[in-house]
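> Okay, handing you the structure first.
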Amino acid sequence: MISASCPEKFWGKAALNVVYNINRLPTLVLQNLSPFERLFGKSPNYSLLWPFGCACFVLLNPSEHTKLEPRARLCCFLGYGIEHKGYQCWDPVSNKLRISRHVTFWENTTFSSLSKFHNSVTSESLFFTDSSIELFLGSDTGTSDVLNTNPPTLVPVEPV
């Protein structure tokens, strides 16, 4: 949970995810059968298991995006649906838990490694928030009352 940078509010989801996975693993107590296989009489589908805390993209409802906005949102995989068939993913933008069957996983990438990029792209703040970057040429402090009105010099390029 530390390596996934999981906040404390999701530790319960992490425990449920572990129990879900343990119930699908073979055990010597049941003669190399999994509890799932013993209960339902068929072997579990291992292709549906994903690492806790990995990055995933959840397909949004048509009412949640416009024509020019992305149709999926970067989320953090938390586990499997208990009451509904689907994956439980935390959406940091809307700050809610999404349960969806339409999820694309990046199983080798943790959500915490992408969350800084995600927050900077989707934040509604200005792009230039670093005050150390000079926005105008010739300004000493980054904020200047006088703008540089000289046009940039153009360098001619010879055709190839």
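> Just need a number here: residues in segment 5-44 that are farther than 20 Å from Glu83 by Cα, out of contact with any Lys or Arg (no Cβ under 9 Å at 6 or more places or on another chain) and in contact (Cβ under 8 Å) with a residue 12 or more places away in the chain.
Total satisfying the criteria: 1.
> Right, here's the next one. Look at Cys89 and say whether it is within 15 Å of Phe105 (Cα to Cα), at pLDDT 90 or above and of a type outside the set (Asp, Glu).
yes
> Let me ask something else. Which members of segment 7-18 meet the condition of being farther than 20 Å from Ser100 by Cβ and surrounded by 12 or more Cβ atoms within 10 Å (Cβ to Cβ)?
Ala15, Val18
> Further question: Whether any residue in segment 94-105 is in a strand (DSSP E or B) and in contact (Cβ under 8 Å) with a residue 60 or more places away in the chain is what I want to check.
So far as segment 94-105 goes, no, none of its residues is in a strand (DSSP E or B) and in contact (Cβ under 8 Å) with a residue 60 or more places away in the chain.
> If I ask for residues that are of a type outside the set (Phe, Trp, Tyr) and in contact with a helix residue (DSSP H, G or I) (Cβ under 6 Å, 6 or more places away or on another chain), which ones from segment 11-52 would you list?
Asn23, Arg24, Leu30, Arg38, Ser43, Pro44
> Sticking with this one: Considering only segment 27-49, I want to know if a residue exists there that is under 27 Å from Ser113 (Cα atoms), of a type in the set (Val, Ile, Thr), surrounded by 10 or more Cβ atoms within 10 Å (Cβ to Cβ) and at pLDDT 90 or above.
no
> Among (1) touching a strand residue (DSSP E or B) at 6+ places or on another chain (Cβ under 8 Å); (2) in a helix (DSSP H, G or I), where does Cys89 come up short?
Unmet for Cys89, out of (1) touching a strand residue (DSSP E or B) at 6+ places or on another chain (Cβ under 8 Å); (2) in a helix (DSSP H, G or I): (2).
> Moving on. Every residue in segment 10-27 that is under 23 Å from the mean Cα position of the chain (by Cα) and of a type in the set (S, T, N, Q), please.
The answer is Asn17, Asn21.
> I need a count of the residues in segment 28-39 that are under 22 Å from Asn17 (Cβ atoms) and more than 33 Å from the chain's Cα centre (by Cα).
Adding up the residues that qualify gives 5.
> Okay, moving on. What are the residues in segment 70-113 that are basic (Lys, Arg) and surrounded by fewer than 20 Cβ atoms within 10 Å (Cβ to Cβ), if any?
Hits for segment 70-113 are Arg71, Lys85, Lys96, Arg101.
The values are calculated or read from the model by the stated rules, or taken from the named source; none is laboratory data. A quick note: this is a predicted structure, and the numbers were derived from the prediction, not measured. Note: ideal-geometry Cβ built from the backbone for every residue, glycine included; neighbour counts use all protein chains shown.
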